[in-house]
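Chemist: Have a look at this one before I ask anything.
Each value in this text was obtained by applying a stated rule to the coordinates, not by laboratory testing. Just so it is clear, the structure is predicted and the values come from calculations on it, not from any experiment. Because the Cβ atoms are built from the backbone with ideal geometry, glycine has one as well, and the counts that use them run over all protein chains shown.
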Amino acid sequence: MPNQARTAAIVGIHEWPKRLDPDVSAMQIKAASISRALDDAGLTWKDVDGLYDANDGEGGGGLGMAAYLGIKPTVIDTTSVGGSSYEFLAAHSLADIAAGKCNVAVMAHGGKTATQKFATGNRFANSPQPPSWQSNMEVPFRNTTVSSYALVAARHMYQYGTRPEDFAEISATTRYHAMRNPEAVQAMTDLLFADIREITVDDVLNSRMIASPLHLLECCLISDGGGAVVIAAADVARNTKKKPVWVIGNGQATKYRENGGDVTVSAAAQSGPIAFGEALLRPDELDIAMIYDSFSITVACILEDLGFCKKGEFGDYVKGGRLRFDQKGGPALNTDGGALSSNHPGFRGLFLLMEATRQLRGESTSQVPGAKLAVAHGNGGLLGHTHAAGTIILAAD
Amino acid sequence: MPNRPLPRFPEPDTEPFWEATKRGELAYQQCNRCNSLVFTPRAHCDTCGSPDLAWKVSKGEGVIYSVSVVVDRNGDYAVAYIDLDEGFRMFSTVVGVDEPMKNLQCGQRVRVEFEPQEESEYLIPVFRLV
């Protein structure tokens, strides 16, 4: 029986439809998305009294964003922990709404990663930033974004006997959903994907190696885009245009490299039980799992750490397409196509909240009939390295 | 001689570590209050918060905790976590292996080697299979 507290709900969302959009700024994406998300809720610009911002976009952040929007919020929260920022911000907005500090909270993301040809993947930045206690111990060895995650995957294989095809199943499941989402298909078209179609485990394993054991089709795409989410107090939420999607549990945690630590265990192992505990739910009761899929290994570790299956056993758990929206026996995974096949402009955590909301409203392109309960789990930073995890549990009425 | 990207200074936490490489030493810290090992270097103990730390020199031997081979147009290379026998974990690379994707794996014994650089007095601690 889920937590009956109904303090605040997601009442409005807007996802920027384009993934390659050279003619807009990240700030324009953020402002326009907030406007449309407020329309989606039936609320107005003047109703906004809480600004939650992840410091993304040109001249954004807590200082710039309110000025750009032209609002004077009573709460300004600028938590920025990478991809999971919006799971943190959603949790903070819930607490502020519960405390009576604000009633209508907005949060937006805008990113121009594709247009700017931002150096990610296997390129390491020769950073103009000052050296740090972390960078100085890493730069000579040419670590990359992908290899950071690959080191976790390699250890997972060694420690648990995980096979490459176990990871590949996650990419195949995500693409299955992406092919049903016209915006994701358009994204892959605009971003010049070759051979856009559903993919098999073999397709994934036959794609080129980027950093062993991770193949190209186990790495997220790099896109423009963004969106916005509006979270409102219960008395507001009861009168908005769409069904409210209640925030019924949340947890946050961080994890980092430690002497003798287990890199296969992510911060989700700490944030998950807190969130599920608040919601009075078990993972197997959920209909939808929106899990940050920067890479196949990210999903693998998080599914285990949230308790969907035992540690080291995600391979058996996801086998045979169990997490596809039209299969029984597990939650539907990343039904928008995820970062692997739909979009990743920078901080993808916002899209997890948006697609979970679409599912609980009945608006997804891979709709699970009667979906009532969802988890959105963001992972910011680098898995196996310094990262921040935010778990949000959502419920329809 | 190789020419790796280099650490940059001033950076007070890591400077003593890199100075030690000029002497061919792999340095780590130990807390004088709680005896915990501290690595990567910093000015406080990350177990108890004490600023009273001692520098020690590792024997430079350990095992590969995890390893990945990055596919690169200038030649594939390995990145690895090395668990040193003293009990600290270092991010580094393993060099001198043919077909590293096939021949490197978790659990292999390695030993440190200090690699001179063209444009720096600092030596880069890399590892080789024992």
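Chemist: If you take the beta carbon distance between B:R128 and A:K311 as r and set R0 to 25 Å, what does 1/(1 + (r/R0)^6) give as a FRET efficiency, to the nearest 0.05?
Modeler: Taking R0 as 25 Å, the efficiency between B:R128 and A:K311 is 0.15.
Chemist: Among A:G381, A:M290, A:G320, which residue has its Cα positioned farthest towards the positive end of the charge dipole of the stretch A:255-397, with +1 placed on the Cβ of Lys and Arg, -1 on the Cβ of Asp and Glu, and the dipole taken about the Cα centre?
Modeler: Working it through, the farthest residue towards the positive pole turns out to be A:G320.
Chemist: Add -39500 (n - 2.57) for each DSSP H run of 4 or more in chain B, then divide by its residues: what number comes out at 222 nm, to the nearest 500 deg cm²/dmol?
Modeler: -2000 deg cm²/dmol
Chemist: Something else: Net charge near A:S25: determine it from the other residues with C-beta under 12 Å of the C-beta of A:S25, scoring Lys and Arg +1 and Asp and Glu -1.
Modeler: -3
Chemist: Inside 10 Å of the C-beta atoms of B:73-82, what's the mean count of C-beta atoms belonging to other chains?
Modeler: If you average over the peptide's residues, the count of other-chain Cβ atoms is 3.
Chemist: At 0.36 nm per residue, minus the direct Cα-Cα distance, what do A:Q327 and A:L280 gain on full extension? Give it in nm, one decimal, please.
Modeler: 14.4 nm is the gain from fully extending A:Q327 to A:L280.
Chemist: With Rg and the Kirkwood Rh both taken from Cα atoms, where does Rg over Rh land for the protein assembly as shown?
Modeler: Reported Rg/Rh, Kirkwood definition of Rh: 0.98.
Chemist: Out of all DSSP beta bridges with both ends in chain A, state the antiparallel percent to the nearest 5.
Modeler: Percent antiparallel among DSSP bridges in chain A is about 75.
Chemist: Taking the alpha-carbon centroid of each part, what is the distance from the stretch B:86-125 to the stretch A:13-41 in angstrom?
Modeler: Centre-to-centre (Cα) distance: 46 Å.
Chemist: A follow-up question, please. Would you mind computing Rg(Cα) / (2.2 N^0.38 Å) for the stretch B:1-80, counting N as its residues?
Modeler: 1.34
Chemist: Explain nothing, just the number: dipole magnitude of the stretch B:36-130 about its Cα centre with +1 on each Lys and Arg Cβ and -1 on each Asp and Glu Cβ, in debye rounded to the nearest 20.
Modeler: Taking the Cα centre of the stretch B:36-130 as origin, the dipole is about 300 debye.
Chemist: Now for a different question. Please give the FRET efficiency for A:T7 paired with B:R23, using the beta carbon to beta carbon distance and R0 = 45 Å, rounded to the nearest 0.05.
Modeler: Efficiency, from the Cβ-Cβ distance: 0.15.
Chemist: In what sequence do B:C45, B:C106 fall when counting other Cβ within 10 Å, fewest first?
Modeler: B:C106, B:C45
Chemist: Under a plain spin-label model, where a point goes 7 Å from the Cα along Cα-to-Cβ, how far apart in nm are B:W55 and A:A95?
Modeler: Calculated label separation equals 4.1 nm.
Chemist: Determine the dipole magnitude for the protein assembly as shown: charges of +1 sit on the beta-carbon of Lys and Arg, -1 on that of Asp and Glu, nothing else is charged, the reference point is the Cα centre, and the result goes in debye to the nearest 20.
Modeler: In debye, rounded to 20, the protein assembly as shown gives about 580.
Chemist: Averaging over all projection directions, find the projected area of the Cα convex hull of the stretch B:15-129 and quote it in nm² with one decimal place.
Modeler: 7.7
Chemist: Run lengths n ≥ 4 of DSSP H only: what is the helix-derived mean residue ellipticity at 222 nm for chain A, with -39500 (n - 2.57) per run over all residues, to the nearest 500?
Modeler: -10000 deg cm²/dmol
Chemist: Over what distance in Å are the Cα centres of the stretch B:1-68 and the stretch A:227-259 separated?
Modeler: One Cα centre to the other: 41 Å.
Chemist: Arrange the following residues from fewest to most other Cβ atoms within 10 Å of their Cβ: A:R358, A:R322.
Modeler: A:R322, A:R358
Chemist: To make sure I understand, if each residue's beta carbon is the centre and we count other beta carbons within 10 Å, what order do A:R19, A:R142, B:R128 fall in, fewest to most?
Modeler: Ascending Cβ contact count within 10 Å gives the list B:R128, A:R142, A:R19.
Chemist: Quick one: net charge of A:C301's neighbours, Cβ under 14 Å, K/R +1, D/E -1?
Modeler: -3
Chemist: Report, to two decimal places, the Cα Rg of the stretch A:247-397 normalised by 2.2 N^0.38 Å (N = number of residues).
Modeler: Cα Rg divided by the expected 2.2 N^0.38 Å: 0.96.
Chemist: Continuing with the same structure: Could you tell me the calculated FRET efficiency between A:R238 and B:N35, based on Cβ-Cβ distance and R0 = 60 angstrom, to the nearest 0.05?
Modeler: The computed FRET efficiency comes out at 0.55.
Chemist: Residues with beta-carbon under 10 Å from that of A:H14, excluding A:H14: net charge, scoring Lys, Arg +1 and Asp, Glu -1?
Modeler: Here the count lands on -2.
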